[in-house]
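Here is the structure we will look at, set down as structure tokens.
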Amino acid sequence: MGASALLVAATAMAQVRSPGPPLPPIRILAPEARLPVRVQRAVVRTEIVGLAAATRVELELFNPNAEELQAELQFPLLEGQVVTGFALDIGGQLRAAVPVEKPKGRQVFEDVVRARVDPALLETTQGGHHKLHVYPLPARGQRRVVLEVRESVPASARPVWRLPLRFGGAVGALDVAVQVAGVAPRALSATLGAERLLATAQNGGSRIAFGRTQHQGRDGLRVALPAAPREPLVSTDTWQDQRYFLAELPVAAPRWARPAPRRVALLWDASASGAQRDHAREFAVLDAWFRQLGEVQVQLVVVRNEAEPMEPHTVRGGDWNALRQRLQSLPYDGATRLQALQPPADADIAVLFSDGMGNWGAAGLPSPALPLVAFSSSAGAAARTLRHAAEASGGAYADLQALDTAQALSLLTHERQRVVDVQAEGARDLELGSVYPQGGRIGVAGVLTQPRASLRLTLSAPDGSRQVRRLELSADGAPPPVRGATPVAVAAHRWAGWRIARLEADLERQRQAIRRLGQAFGIASTETSLLVLDTAEDYVLFDVEPPPDLRAEWDTLMLHRREGAVRRQRIALATTVERFNEKVAWWEKAFPKDAPPPPRVAPGSGSDSRRAAPAAMARPPAPAPAPAPGGAAPQPPLPGDTTIALRPWQPDEPYARRLRAARDEDLYAIYLDERPGYAQSSAFFLDVADLLVARGQNALALRVLSNLAEMDLENRHLLRILAYRLQQAGAVADALPVLEQVRRLAPDEPQSWRDLGLALDQSGEAQRAVDTLVEVVSRAWNNRFPDIELIALAELNAIAARAEATGRPVDLSRLHPRLRRNLPLDLRAVLSWDADNTDIDLWVIDPNGERAYYANRLTYQGGRMSRDFVGGYGPEEFSLRHAKPGTYTVKAQFYGHRQQIVAPATTLMLRLSTDFGRATQNDQDVVLRLSGRGDEVTVGTFTVGEGARP
């Protein structure tokens, strides 16, 4: 919305102004619903005072199904809008949300859902996309949620306030009322699509109200406000005992012709999300520009998960048909590596077409050394990212949905003056909305330190001339009161939004600062979310500060909670040491390798009574004293004829059969033909990538695989699958940033740390790997993650032992001394999976025909199975110190799930290792799928030669 005011000066090619970007819809997702969840009632109340607007949206969600559900509302905000609060009805009363760190908000929400009580979570992702998670929606019942949004309508010749009214389906009852203070009805123009609405006089201002039943129109409400006065607009408000100001200074908007470039760098984002852009608008801008330039050299750089080699093109007489055909032929596929959007150094200007949504490699869009003009043309683009990179280079950014061709062209052909310095006396922490005038105004916000302050802005023109603007501010002098209206406070939240936008340009180094701002101002950001819980006990349990109505009760309960935290950590460490000693005792025990007695566990046992403790499981002897930290005495590796054979995963879907039958040169084209029918299927992209690898087309395989990063923003389950498959393919450098993101998203899940630690080891970073795995070993985790400390400890000690054997020992000072011992193994199998609240079982059948699994955790010959992992992700581990010769078959079985949102299949990652913990360790990975309860798959086999140790 703010981009629609970028250019107000008329040009020789002036056209009818675009009405603004299409208003984004609200989507309601409830994958387990047989009948769609719908908005039964929507009540919207907005107060507009001057150019400040506060909106309250109350939605009543109805679940027509016979089962309770979890629902997710997805909605992007318009540029400049900020969610300042939301509430959920609990027991018929609205409970206000509180700000929390984003990873913690997600963790608490999921933990509370498992307990089947009432939480709600609002979080934001790239591009202003917001997700509101609500649980439970009762069977054939409803829940109320309330959203509060504040914004400052951009000043222009005719400011327009907009309200999206698309709710993903028909709304049973829609009730909207907008109060505009101090403005007569005749001065307003309100439309709902093509329908003109009447405003009525009320309380010295105007009221626009209407109701609809079964509303499902695509158009939202637009209210054109009176032109802003030419004098400066100033508003102030107080937040947490600090006085904030927002000033908008009118400035002249002259333009200077930009020198015609000889070489143009055209940066074209051809990732999968690029298909959603409005290419017709993009081509119209290029067509007008090239016709005006006449002759120019174009350096085309196409970027997806990687940048393709630069392609030179020549435009003569404005004819760019060859370049246009090349752009039209591009397939939009793969992830977006923003760091690859680098123009050649010898270009005069760079032009970028992208949504700015990076999801591959390092974060951030680089700002080149030459002017960058960036255009977006799709809803929900990362405007902040694009604007910052463009303006930092001396270029500009615009949303093509908000501009006509002539206005967009002027950004390429002309330059404008920009703010180069801003200072204040009596105010601090100044933030600019943009260095360029927006709608003929420069926006500045800050914190007042004195009752009166003076503001000084210096603007520089392309010809070198400078202009200084001054403004006197008063903490209580603006805006003048409007009869019958309560001032809408926007200054503080606008300041916070602008500061967060600036910090996000350096996200990796500014995460904590963004987090502090989000929590202080109670807004959803890239680092903070808004959370609602049921009772004071819930807020205490998860150490979350409650809303005011629960504060007194929370304070009392938290005294006891804090006293127990240190004790729980000590108990967790003591438990890990005790269980490790038991494992050492198992490892040191000599197990028989002869023929076993009759099996203790019947082959068909373990169905409905599977959780009963096995009665015949052998008990390990008392632990022996641990040797020095150097580990056990060296042992020879397994014989050379010990092998791992993985069973190739061969999907049987129609697309897979078609691809297998295709010629090598046709594979990618057939994939593109099949893709529209499987755009939301992670399995499809995994299978196609496997087929491309099998045909030696590794670069295309990586491109196809990278689509998983585009499918669902910040979905850690998809990101884990992606990282597993990248590691399997040997692309560890690409897997590491993915796993770093998973750890940021879910630091409360030990798998996030373990996965990253193993990838760091695979990349040769042994010290970082050990330091990361220490987190898994030393923390007190949720009890639904049994034995993960011991599994990670085995991997940590194995990494340390191999590092020492190569003469590059690692520092183990962070690991408790009683846990520093490597336990080498002949055979090891580890199973992980991607779905939470899901139970997958690892089975290993040894040469005796005995099956090691959850109900037979210790086999006759000493095979040891870790404790059953019934709550999601794994890992489950099979360990065998001395392997009897013969064949060991490794299987996985899907037992069941307790998910509210169920995926069509669960993806598994298995690592099979020989000589684990020795210098000769050999690992082989496989990624495959199970589709439902009872589904079973053979993963592979170990074959141990006859020359093995007894």
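The values are calculated or read from the model by the stated rules, or taken from the named source; none is laboratory data. Note that the structure is a prediction, hence the values are computed from the model and not measured. Backbone-built Cβ (ideal geometry, glycine too); neighbour counts: all protein chains shown.
So, LEU188, is that one crowded, with 16+ Cβ neighbours inside 10 Å and outside the structural domain of LEU293 (by TED's automatic domain parsing) or not?
Judged against the criteria, LEU188 is a match.
(1) modelled with pLDDT under 90; (2) surrounded by fewer than 21 Cβ atoms within 10 Å (Cβ to Cβ): which one isn't true of SER525, the others all being true?
(2)
Give ASP687, ASP652 a once-over and let me know the one that is closer than 30 Å to TYR888 by Cβ, in the same structural domain as ARG828 (by TED's automatic domain parsing) and crowded, with 21+ Cβ neighbours inside 10 Å. So that I can check it myself, show each step before the final result.
Details: ASP652 fails: crowded, with 21+ Cβ neighbours inside 10 Å.
Testing whether each residue is closer than 30 Å to TYR888 by Cβ, in the same structural domain as ARG828 (by TED's automatic domain parsing) and crowded, with 21+ Cβ neighbours inside 10 Å leaves just ASP687.
Being at pLDDT below 95 and surrounded by 12 or more Cβ atoms within 10 Å (Cβ to Cβ): is that true of VAL584 here?
Values: at pLDDT below 95: no; surrounded by 12 or more Cβ atoms within 10 Å (Cβ to Cβ): yes.
No: the conditions fail for VAL584.
So which helices (runs of 4 or more DSSP H) are wholly in the range 692-753 and hold at least 3 residues that are farther than 24 Å from HIS129 by Cβ and touching a residue at least 24 places away in the same chain (Cβ under 8 Å)?
698-705, 716-728, 732-745
For the list (1) closer than 28 Å to GLN438 by Cβ; (2) in a strand (DSSP E or B), I need the number of the one condition that ALA201 fails.
(1)
Please verify whether ASP118 is touching a Lys or Arg at 6+ places or on another chain (Cβ under 8 Å) and among the acidic types (Asp, Glu), treating the condition exactly as stated.
No.
For the condition basic (Lys, Arg), closer than 30 Å to LEU249 by Cα and out of contact with any His (no Cβ under 8 Å at 6 or more places or on another chain), what is the one hit in ARG158, ARG140, ARG114, ARG196?
Testing whether each residue is basic (Lys, Arg), closer than 30 Å to LEU249 by Cα and out of contact with any His (no Cβ under 8 Å at 6 or more places or on another chain) leaves just ARG158.
Every residue in the range 727-740 that is touching a helix residue (DSSP H, G or I) at 6+ places or on another chain (Cβ under 7 Å) and under 16 Å from ALA769 (Cα atoms), please.
GLN727, VAL732, ALA735, LEU736, VAL738, LEU739, GLU740
Can you pull out every residue in the range 761-788 that is farther than 16 Å from LEU812 by Cα and aliphatic (A, V, I, L, M)?
ALA780, ILE788 - these are the residues of the range 761-788 that are farther than 16 Å from LEU812 by Cα and aliphatic (A, V, I, L, M).
Test ARG324 against the stated conditions and say whether it is part of a helix (DSSP H, G or I) and crowded, with 18+ Cβ neighbours inside 10 Å.
Considered against the rule, which asks whether it is part of a helix (DSSP H, G or I) and crowded, with 18+ Cβ neighbours inside 10 Å, ARG324 comes out as no.
What single numbered condition from (1) more than 22 Å from LEU51 (Cα to Cα); (2) assigned to a strand (DSSP E or B); (3) under 38 Å from the mean Cα position of the chain (by Cα) fails to hold for TRP256?
TRP256 satisfies all of (1) more than 22 Å from LEU51 (Cα to Cα); (2) assigned to a strand (DSSP E or B); (3) under 38 Å from the mean Cα position of the chain (by Cα) except (3).
Just the residues that are under 15 Å from ARG281 (Cβ atoms) and within 23 Å of the chain's Cα centre (by Cα), please, taken from the range 376-398.
The answer is SER376, SER377, SER378, ALA379, ALA381.
Looking at the structure I just gave you, is ASP476 within 22 Å of the chain's Cα centre (by Cα), farther than 21 Å from PRO99 by Cβ and either modelled with pLDDT of 95 or more or not assigned by TED's automatic domain parsing to the domain that holds LEU386 (or both)?
Answer is no for this residue.
List the residue pairs whose Cβ atoms are under 7 Å apart, where the first residue sits in the range 767-790 and is free of Cβ contacts under 8 Å to residues at least 60 places away in the same chain, the second is in a loop (DSSP other than H, G, I, E, B), and the two are 6 or more positions apart or on different chains.
GLN767/VAL810; GLN767/ASP811; VAL770/VAL810; VAL770/LEU812; ASP771/ARG814; VAL774/ARG814; VAL774/LEU815
Looking at the structure I just gave you, is ARG291 buried (at least 18 other Cβ atoms within 10 Å of the Cβ) and either in contact (Cβ under 8 Å) with a residue 24 or more places away in the chain or not in a loop (DSSP other than H, G, I, E, B) (or both)?
It is false that ARG291 is buried (at least 18 other Cβ atoms within 10 Å of the Cβ) and either in contact (Cβ under 8 Å) with a residue 24 or more places away in the chain or not in a loop (DSSP other than H, G, I, E, B) (or both).
Confirm whether ALA829 is closer than 11 Å to GLY917 by Cα and assigned by TED's automatic domain parsing to the domain that holds ARG725.
For ALA829, the condition - closer than 11 Å to GLY917 by Cα and assigned by TED's automatic domain parsing to the domain that holds ARG725 - is not met.
In the range 877-890, what residues are in contact with a strand residue (DSSP E or B) (Cβ under 6 Å, 6 or more places away or on another chain) and crowded, with 20+ Cβ neighbours inside 10 Å?
Within the range 877-890, GLU877, PHE878, SER879, LEU880, ARG881, ALA883, TYR888, VAL890 qualify.
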